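Trainee: Got a structure here, written out as structure tokens. Questions coming.
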Amino acid sequence: MPKFAANLSMLFVDVPMEERFSAAAQAGFTGVEIQFPYAWDKALLSARKQSAGVSVVLHNLPAGDWDAGERGIACIPGREKEFREGVALAIAYAKALGSPRLNCLAGIKPAAVSDEQAWFTLIENLRYAAHKLDEQGIVLTLEAINSLDVPGFLISSTDSALRAIQLSGVKNIEYQYDIYHMQVMEGDLVRTIKHHLDTIGHIQFADNPGRHQPGTGEINFAYVFSQLDEMGYQGWVSAEYIPLGNTRETLEWLH
């Protein structure tokens, strides 16, 4: 079986964030990730992680005003200073939590910004972040988000994510492959993962439609997970779904 991690921003939400580390460990997870840990004291999170005996495997760079609908600022001209400050903050949390990877959300392209401007801004920001993270021994990942849930998101396919990574020209960037988002956009999950395995550094999943737990939709997760083993994938596979019911009651796929 792959190495499974629990996304604590979406799972075990019936308890406060600081208690979700132990909840995940008790459920059988050895790794966890957090979308945005910045609302909590990093020393507290680190202590709770250590007490639970789990690894924090990834969190996102700050993504702008989430409540206002922003989904990343890396492609938005004029926000470079804010992006760089976010990189510094994310590194501080990663060092405290022991996280080996930080994920970048490219963001929604503003209507007044050309494709060329957005791509130029994204590539420059990726280069900056990758170099800063590399100095700390941390890997940068870039995620593609489906354009049905998030219209206008700049990076919405495997091809666009890999293009951005290639254009950045740096080695410290990997592709974060989200099974749910790419099922919506592309399908052909196993073949895509296998073809780009050397570029994929992290995998997330939820079923489709609905973004709920495995078994609620169309994806054959038993096959996908078995194929990840057969391919020799060594990275983490993170459950990032909206539980239908209590999280603990949705873990048949894990046990």
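Trainee: What is the pair-distance distribution P(r) of segment 33-180, computed from all Cα-Cα distances in 10 Å bins starting at 0, with each bin given as a whole percent?
Mentor: 12, 43, 34, 10, 1
Trainee: Let me ask another. Please give the contour-minus-distance gain from GLN26 to GLU80: 0.36 nm per residue of separation, less the Cα-Cα distance, rounded to one decimal in nm.
Mentor: Values: separation 54, 0.36 × 54 = 19.44 nm, distance 4.10 nm.
Extra length from GLN26 to GLU80 when fully extended: 15.3 nm.
Trainee: Using alpha carbons only, how many angstrom separate the centre of segment 144-163 from the centre of segment 1-15?
Mentor: Segment 144-163 and segment 1-15 have Cα centres separated by 24 Å.
Trainee: So, one more: What residues qualify as long-range amide H neighbours of HIS212, i.e. H under 5 Å apart, gap of 5 or more or another chain, H built at 1.01 Å from N?
Mentor: The list, which skips near neighbours in sequence, is ASP207, ILE242.
Trainee: Further question: Which cross-chain or sequence-distant (5 or more) residues have an amide H under 5 Å from the amide H of VAL56, H modelled 1.01 Å from N in plane?
Mentor: Result for VAL56 returns VAL32.
Trainee: Each residue of segment 127-141 in turn: what ³J(HN,Hα) in whole Hz from Karplus with 6.51, -1.76, 1.60 and θ = phi - 60°, glycine and Pro shown as x?
Mentor: 4, 4, 5, 4, 5, 5, 5, 4, 4, 9, x, 10, 9, 8, 10
Trainee: Here's something else I'd like to know. Taking every DSSP beta bridge with both residues inside the chain, roughly what % is antiparallel (nearest 5)? Mind showing how you got there, number by number?
Mentor: Details: 1 of 29 bridges.
In the chain, DSSP labels about 5 percent of beta bridges as antiparallel.
Trainee: Quick one: Karplus J couplings for segment 42-54, per residue in order, coefficients 6.51, -1.76, 1.60, θ = phi - 60°, nearest Hz, x for Gly and Pro?
Mentor: With the stated coefficients, segment 42-54 comes to 5, 5, 5, 4, 5, 5, 5, 4, 5, 5, 7, x, 10 Hz.
Trainee: Build a GNM of the chain with springs between Cα atoms under 10 Å: which of GLN35, GLN117, GLN183 gets the top mean-square fluctuation?
Mentor: Checking each option, the largest mean-square fluctuation is seen for GLN117.
Trainee: Of TRP40, PRO2, HIS59, which is farthest along the charge dipole of segment 1-63 in the positive direction, counting Lys and Arg as +1 and Asp and Glu as -1 at C-beta?
Mentor: Most positive-ward Cα: PRO2.
Trainee: Further question: Would you mind getting the accessible area per residue of the chain, heavy atoms of the protein chains only, 1.4 Å probe, in Å²?
Mentor: Details: 11070 Å² over 255 residues.
Result: 43 Å² of accessible area for each residue.
Trainee: Report the full-extension gain for the segment ALA47 to HIS195: residue separation times 0.36 nm, less the Cα-Cα distance, to one decimal in nm. It would help to have the intermediate numbers written out before the result.
Mentor: Working: separation 148, 0.36 × 148 = 53.28 nm, distance 3.91 nm.
Extending this stretch completely gives an extra 49.4 nm.
Trainee: Taking the Cα-to-Cβ direction at ARG163 and at ASP65 and moving 7 Å from each Cα, how far apart do the two end points lie in nm?
Mentor: 3.0 nm
Trainee: Express the C-alpha Rg of segment 174-242 as a ratio against the empirical globular expectation 2.2 N^0.38 Å, rounded to two decimals.
Mentor: Details: Rg = 11.0 Å, N = 69, 2.2 N^0.38 = 11.0 Å.
That works out to 1.00 for segment 174-242.
Trainee: Could you sort out which of LYS109/LYS132; LYS42/LYS194; LYS49/LYS109 sit more than 29 Å apart by Cα distance in this structure? Working shown, then result.
Mentor: Numbers: LYS109/LYS132 24 Å; LYS42/LYS194 36 Å; LYS49/LYS109 36 Å.
Correct reply: LYS42/LYS194; LYS49/LYS109.
Trainee: Now for a different question. Considering only protein heavy atoms and a probe of 1.4 Å, how much of the accessible area of the chain is carbon and sulfur, as a whole percent? Intermediate results must be reported in sequence, preceding the final value.
Mentor: Working: 5370 of 11070 Å².
After summing per-atom areas, the C and S share lands at 49 percent.
Trainee: Here's something else I'd like to know. Size of the dipole of segment 1-156 about the Cα centre, Lys and Arg at +1 and Asp and Glu at -1 on the beta carbon, nothing else charged, in debye to 20? If you can, show how the numbers build up before the last one.
Mentor: Working: 14 positive and 18 negative charges, 94 e Å.
The calculated dipole for segment 1-156 is roughly 460 debye.
Trainee: In whole Å, what is the distance between the alpha-carbon centres of segment 76-115 and segment 186-235?
Mentor: 26 Å
Trainee: Mind listing the long-range amide H neighbours of TRP236? Cut-off is under 5 Å, sequence gap 5 or more, other chains count too, H placed in the peptide plane at 1.01 Å from N.
Mentor: ILE203
Trainee: Among VAL139, GLY28, PHE12, whose Cα projects farthest towards the positive end of the dipole of the chain, with charges put on the beta-carbon of Lys, Arg (+1) and Asp, Glu (-1)?
Mentor: The listed residue farthest towards the positive side: VAL139.
Trainee: With charges set only on the Cβ (+1 for Lys and Arg, -1 for Asp and Glu), what does the dipole of segment 127-195 come to about its Cα centre, in debye to the nearest 20?
Mentor: Details: 6 positive and 9 negative charges, 47 e Å.
Here segment 127-195 has a charge dipole of around 220 debye.
Trainee: Could you give each residue of segment 65-74 its phi-based ³J(HN,Hα) in whole Hz, using Karplus coefficients 6.51, -1.76, 1.60 with θ = phi - 60°, and x for Gly or Pro?
Mentor: Per residue, the Karplus-derived 3J(HN,Hα) values read 8, 4, 5, 8, x, 6, 10, x, 10, 5 Hz.
The values are calculated or read from the model by the stated rules, or taken from the named source; none is laboratory data. Model, not experiment: these values are computed from the prediction. Note: ideal-geometry Cβ built from the backbone for every residue, glycine included; neighbour counts use all protein chains shown. The accessibility values were calculated without ligands, DNA or RNA, using every heavy atom of the protein model including side chains. Shrake-Rupley method; radii C 1.70, N 1.55, O 1.52, S 1.80 Å.
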